[in-house]
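The values are calculated or read from the model by the stated rules, or taken from the named source; none is laboratory data. Everything quoted here is computed from the prediction, not taken from an experiment. Cβ placement follows ideal geometry from the backbone for every residue including glycine, while neighbour counts extend to all protein chains displayed. Calculation scope for accessible area: heavy atoms of the full protein, side chains included, ligands and nucleic acids excluded. Shrake-Rupley method; radii C 1.70, N 1.55, O 1.52, S 1.80 Å.
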Amino acid sequence: MSATQIPTACEASDLGDAVGRIAAFAALSLHESFPHLDLEGLVETFTRASAVEFIGRRYVAAIEGGKAPGEAAGEAGTALLHAWADARLEARAQLGKAI
């Protein structure tokens, strides 16, 4: 399935399952590593439309690049965590400028 193709029902289901698992594992991993981070808040953040689209695009691109599903999921999850961390750092920097 390429980014411009309409997925079959099975492909859409598989993609939805993969995206959901990536979001869940990312939230759990952060919460386990940093227990002060609210798990429900992380899940909410990683299941927003923008995050789901981000994960899906990264996952499909990795699959199209020849990665196995597990490797593609790992790449998408890693990219999600990096984007999340960068956004938090930027927000903190902006907050510091406002004070």
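Listed by number, the DSSP H helices of the chain that run 27 Å or longer by alpha-carbon position along their axis and have mean Kyte hydropathy of at least 0.5 are 9-33.
Just name one of Gly77, Ala27, Gln94: the one whose Cα is farthest towards the positive end of the charge dipole of the chain (beta-carbon charges, Lys/Arg +1, Asp/Glu -1). Farthest towards the positive end: Gln94. Summing +1 for each Lys or Arg and -1 for each Asp or Glu among the other residues whose beta-carbon sits under 9 angstrom from that of Ala62 gives -1.
Taking all protein chains into account, the per residue accessible area for the chain stands at 67 Å² (1.4 Å probe).
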